[in-house]
Amino acid sequence: MSNKILVALFAAALAVLTLSTNAFASDENLADFHAEMGGCESCHADGEPSADGEYEFEQCQSCHGTLAEMDDNHAPHDGMLMCADCHAPHDMNVGDVPTCDSCHDDGRSAQ
Ligand code: HEC
Ligand code: HEC
Ligand code: HEC
Ligand code: HEC
């Protein structure tokens, strides 16, 4: 596990202790949840979104690993998608599971 994610995990644990509420509560979007740990800069260069989302994609992978390293819902999309194509950080809450049918019309679902 990278030092970067260890530091972030420590911050997440602190946030749980400090708030004494569940940091994984579902009424918080992914961007705010991550920003509590490391600010907007944890995903955006100087806190500003990039035009193409590539910089943000690099940041996701530097903490969570690459699509190729992940499970069967993720790995087939290596080289095809960015994380935010499925996990829209400002529009989805912590705990929300992305669906498949926005792109595949054969009734498949997350494994
Ligand atoms: C978990 C990573 C993450 C964090 C943390 C994050 N963002 Fe984002 N944000 C994204 C991604 C991914 C996009 C879409 C890609 C792009 O357009 O650059 C985005 C898009 C945006 C946009 C473009 C409009 C939109 O909603 O699509 C703005 C403005 C923005 N973010 C501001 C912020 C601010 C301000 C913060 C801190 C409070 C923040 N973001 C924290 C990942 C993050
Ligand atoms: C094709 C859509 C899709 C893409 C692209 C995607 N995810 Fe996911 N993700 C899912 C689904 C579905 C789940 C819930 C089922 C599971 O865990 O596989 C999930 C779960 C997760 C989880 C929580 C479960 C866990 O394993 O801890 C994390 C963290 C995560 N994704 C991170 C990422 C990151 C980082 C990327 C980009 C490198 C990414 N995802 C790209 C669909 C996607
Ligand atoms: C600085 C490190 C860091 C960056 C950058 C980062 N994450 Fe995370 N993320 C974490 C940590 C720490 C957690 C909480 C522990 C866990 O679930 O792995 C987390 C949790 C998550 C979860 C699970 C939340 C849930 O539902 O339980 C998803 C999904 C996720 N991140 C997606 C992303 C995506 C997408 C990006 C890029 C846009 C991103 N992360 C960028 C560190 C990071
Ligand atoms: C944002 C769009 C998008 C979402 C959402 C999405 N996929 Fe995909 N998926 C793609 C693309 C693009 C490809 C590569 C082209 C192809 O083979 O259809 C692909 C390919 C695949 C493949 C390999 C080829 C095939 O069709 O068998 C699998 C397996 C797969 N996806 C499973 C899933 C699962 C499971 C989910 C839901 C967790 C999901 N996808 C959600 C866009 C998406």
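The values are calculated or read from the model by the stated rules, or taken from the named source; none is laboratory data. Bear in mind that the values here come from a model prediction, so they are computed numbers and not experimental data. What goes into the accessible areas is simple: the full protein's heavy atoms, side chains included, and nothing from ligands, DNA or RNA. Shrake-Rupley method; radii C 1.70, N 1.55, O 1.52, S 1.80 Å.
Side notes on the structure shown:
- Residue 91 contributes an accessible area of around 130 Å² to the protein surface, as traced by a 1.4 Å probe with all chains present.
- Solvent exposure of residue 99, expressed as accessible area, is near 90 Å², computed with a probe of 1.4 Å over the protein chains only.
- Phi angles of region 100-111 translate, via the Karplus equation with coefficients 6.51, -1.76, 1.60 and θ = phi - 60°, into HN-Hα couplings of 9, 6, 6, 10, 10, 9, 9, x, 5, 9, 4, 7 Hz per residue; Gly and Pro are given as x.
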